[in-house]
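S.K.: What follows is a single structure, and I will ask about it in a moment.
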């Protein structure tokens with residue numbers, strides 16, 4: 001029961017952060033979370049310690065627990081590291097992915113494509129995330145998968161906003177189909193080129209949305225309308 005309560009507190013807070021329900025710079029109050037989950041403050045503290053290790057929150061004696069905001073230099077670093085790790089995934093997937101796994105990846109992209117065509121970006125993202133998850137799994141490397149998951153958690157907000165950036169949904173789907181086609185042919189070099197392009201375009205869009213969000217936030221803080229013009 002104690003283990004389940006610790007896990008419940010961790011999963012609850014983690015999902016709140018990754019979904020954006022607890023946006024960057026939000027303060028997390030132990031007592032309120034404990035009351036909401038009907039648990040003592042101990043499992044909440046343990047959950048916060050774990051989230052701090054993952055880089056999702058920061059804590060200090062005066063302010064308590066604060067949801068971390070991904071800074072611009074971190075965006076660059078994460079995309080660079082992610083591309084390197086995904087290249088390792090590609091090498092292993094070319095060697096180890098089964099035809100059934102490749103077909104499952106294809107089905108995820110078909111669903112993503114359909115969602116894009118009707119403007120359902122949220123479900124498009126869910127299916128592209130599933131595609132990446134299946135691709136990662138086909139590498140048969142649990143440690144590599146865990147490293148990628150920790151990086152992707154830091155980029156959730158950027159990826160959600162990025163897919164709404166003009167032209168990004170189209171380019172993302174083109175890159176995903178390119179990755180899949182190269183995997184079908186077991187062409188590691190071509191797969192790596194698509195992964196590099198996907199990472200670079202994603203990074204550029206993330207930087208743009210980060211700067212625009214900073215501008216909006218500064219204008220709101222100064223009591224002005226954040227809309228351009």
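The values are calculated or read from the model by the stated rules, or taken from the named source; none is laboratory data. These numbers come from a predicted model, not from an experiment. A quick note on method: Cβ atoms are made from the backbone with ideal geometry, for glycine too, and the neighbour counts reach across all protein chains shown.
S.K.: Take the conditions in contact with a strand residue (DSSP E or B) (Cβ under 9 Å, 6 or more places away or on another chain), surrounded by 14 or more Cβ atoms within 10 Å (Cβ to Cβ) and not assigned by TED's automatic domain parsing to the domain that holds residue 206 and apply them to residue 52. Does it pass?
M.R.: Details: in contact with a strand residue (DSSP E or B) (Cβ under 9 Å, 6 or more places away or on another chain): yes; surrounded by 14 or more Cβ atoms within 10 Å (Cβ to Cβ): yes; not assigned by TED's automatic domain parsing to the domain that holds residue 206: yes.
For residue 52, the condition - in contact with a strand residue (DSSP E or B) (Cβ under 9 Å, 6 or more places away or on another chain), surrounded by 14 or more Cβ atoms within 10 Å (Cβ to Cβ) and not assigned by TED's automatic domain parsing to the domain that holds residue 206 - is met.
S.K.: With respect to the numbered conditions (1) under 21 Å from residue 109 (Cα atoms); (2) free of Cβ contacts under 8 Å to residues at least 12 places away in the same chain; (3) part of a helix (DSSP H, G or I), which one is the sole condition not fulfilled by residue 189?
M.R.: All conditions are met except number (1).
S.K.: Restricting to the range 123-144, what's the tally of residues that are surrounded by fewer than 16 Cβ atoms within 10 Å (Cβ to Cβ) and either touching a strand residue (DSSP E or B) at 6+ places or on another chain (Cβ under 6 Å) or over 19 Å from residue 194 (Cβ atoms) (or both)? Before the answer, list the steps.
M.R.: From the range 123-144, those surrounded by fewer than 16 Cβ atoms within 10 Å (Cβ to Cβ) are 123, 126, 129, 140, 142-143; that's our starting set.
After this cut, where a residue has to be either touching a strand residue (DSSP E or B) at 6+ places or on another chain (Cβ under 6 Å) or over 19 Å from residue 194 (Cβ atoms) (or both) as well, the list is 123, 126, 140, 142-143.
Within the range 123-144, residues that are surrounded by fewer than 16 Cβ atoms within 10 Å (Cβ to Cβ) and either touching a strand residue (DSSP E or B) at 6+ places or on another chain (Cβ under 6 Å) or over 19 Å from residue 194 (Cβ atoms) (or both) number 5.
S.K.: Looking at this structure, is residue 178 in contact with a helix residue (DSSP H, G or I) (Cβ under 6 Å, 6 or more places away or on another chain) and either at pLDDT 95 or above or surrounded by 16 or more Cβ atoms within 10 Å (Cβ to Cβ) (or both)? Steps first, please.
M.R.: Values: in contact with a helix residue (DSSP H, G or I) (Cβ under 6 Å, 6 or more places away or on another chain): yes; either at pLDDT 95 or above or surrounded by 16 or more Cβ atoms within 10 Å (Cβ to Cβ) (or both): yes.
So residue 178 passes the test.
S.K.: Looking only at residues that are assigned to a strand (DSSP E or B) and free of Cβ contacts under 8 Å to residues at least 40 places away in the same chain in the range 61-102, which one is farthest from residue 26 (Cα to Cα)? Please lay out each step first, then the result.
M.R.: Residues of the range 61-102 assigned to a strand (DSSP E or B): 64-67.
Pick out the ones that are also free of Cβ contacts under 8 Å to residues at least 40 places away in the same chain and you get 64-65.
Working: 64: 11, 65: 8 Å.
Once the filter is applied, the top-ranked residue is 64.
S.K.: Pick out the one residue from 211, 183, 148 that is at pLDDT 75 or above, in the same structural domain as residue 122 (by TED's automatic domain parsing), more than 21 Å from residue 113 (Cα to Cα) and assigned to a helix (DSSP H, G or I). Spell out the reasoning first.
M.R.: Values: 211 fails: at pLDDT 75 or above; 183 fails: more than 21 Å from residue 113 (Cα to Cα).
Among 211, 183, 148, only 148 is at pLDDT 75 or above, in the same structural domain as residue 122 (by TED's automatic domain parsing), more than 21 Å from residue 113 (Cα to Cα) and assigned to a helix (DSSP H, G or I).
S.K.: When the range 30-39 is examined, which residues are found to be surrounded by 13 or more Cβ atoms within 10 Å (Cβ to Cβ) and part of a loop (DSSP other than H, G, I, E, B)? Walk me through it before giving the result.
M.R.: Here is the first cut: in the range 30-39, the ones surrounded by 13 or more Cβ atoms within 10 Å (Cβ to Cβ) are 30, 33-34, 37, 39.
Within the range 30-39, just 39 meets the criteria.
S.K.: Of everything in the range 1-29 that's at pLDDT below 85 and not in a helix (DSSP H, G or I), which residue is farthest from the chain's Cα centre (by Cα)?
M.R.: Selected residue: 1.
S.K.: What's the total number of residues in the range 155-172 that are buried (at least 19 other Cβ atoms within 10 Å of the Cβ) and not in a loop (DSSP other than H, G, I, E, B)?
M.R.: Number satisfying all stated conditions: 8.
S.K.: If I filter the range 69-90 for residues that are farther than 22 Å from residue 206 by Cβ, buried (at least 19 other Cβ atoms within 10 Å of the Cβ) and in contact with a helix residue (DSSP H, G or I) (Cβ under 8 Å, 6 or more places away or on another chain), do I get at least one hit?
M.R.: Within the range 69-90, the first condition is being farther than 22 Å from residue 206 by Cβ, and the residues that meet it are none.
No, the range 69-90 has no match at all.
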